[in-house]
Each structure stands twice: as C-alpha cells, then as structure tokens.
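Reading through the structure tokens given below for one structure.
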Amino acid sequence: VQLQASGGGTVQPGGSLRLSCTASGLTFSRYTMGWFRQAPGKEREFVGNVAWTDSSTYYADSVKGRFTISRDNARNMLYLQMNSLKPEDTAVYFCAAGRSTVYDTRSAQYPYWGQGTQVTVSS
C-alpha cells in the first residue's frame, strides 16, 4: 500500500491550498480516508475524514467550515481543500487509510499512512 500526499506549500493567512493524496495497492473505495496533521513539538491530530460507505465526512472543530474533504474513487484520489488558512494550521499534513467509521478519529485506527506534505501559513 502506498499513499502519497502532495500540494503543500507556503501561503499567507486567509489564503487557500488544496492537498491531494494518491493511493495505490489497496481497494481505495473500501477504505475510510483521513487527513491528520502534526505541528512542530505537538502530537499528531485528526483533521477530518471521509467514509468509504457513503462519502460522509467528519471534521475536527478547529477546521470545520474552513476545510473540505472529498474523494474520487475512480481515480483513487483524496483531497483536502483548505480555505481561510490561519498560522495555527501550519503543520505537516498526512493522509491515511483505515476501515473505521468516520467518528473514530484515533490515528491508531489507520494502518496505512502517506509521507506527509508541509503546509506553512505565514505572512
């Protein structure tokens, strides 16, 4: 299984970025896909996920209303649209695949992880 996140970069506060995650080696349509992030000196935290069953989504309160997750099962792609970015969104962002429900946000429920892409929000 390979997951590869891309699309990170440096953006000013209030700006937008779209992250992508390419998946291979698994039946993508049968996995709940999640985004997590880790800032320097902090633990990895849940950002949001999208279910394999009905593409329902669930978000951390800190990003709700600003971030949108989507998936394209035909292309084995996962996306994270990030709007109204804040300096506190600065982190390495990881995509992950698991079989849990969207309400189980524990990173331990995701056995497969990508390598991460850096997002920096700074003026």
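Just in the stretch 1-48: which trypsin sites (Lys or Arg not before Pro) are loop by DSSP and have at most 10 other Cβ atoms within 10 Å?
Listed in order of number, the matching sites are K42.
With all protein chains present, how much of the accessible area of the stretch 41-123 (probe radius 1.4 Å) comes from carbon and sulfur, to the nearest whole percent?
45 percent
Just to confirm, what accessible area per residue do you get for the stretch 1-86 at 1.4 Å probe, in whole Å²?
51 Å²
Taking only the alpha-carbon positions of the chain and ignoring solvent, what does the Debye formula give for the base-10 log of I(q)/I(0) at q = 0.15, 0.19, 0.20 Å⁻¹?
Those come out to -0.59, -0.96, -1.06, one per q.
The values are calculated or read from the model by the stated rules, or taken from the named source; none is laboratory data. Model, not experiment: these values are computed from the prediction. Cβ sites come from the backbone with ideal geometry, for glycine too, and all protein chains shown count toward neighbours. The accessibility values were calculated without ligands, DNA or RNA, using every heavy atom of the protein model including side chains. Shrake-Rupley method; radii C 1.70, N 1.55, O 1.52, S 1.80 Å.
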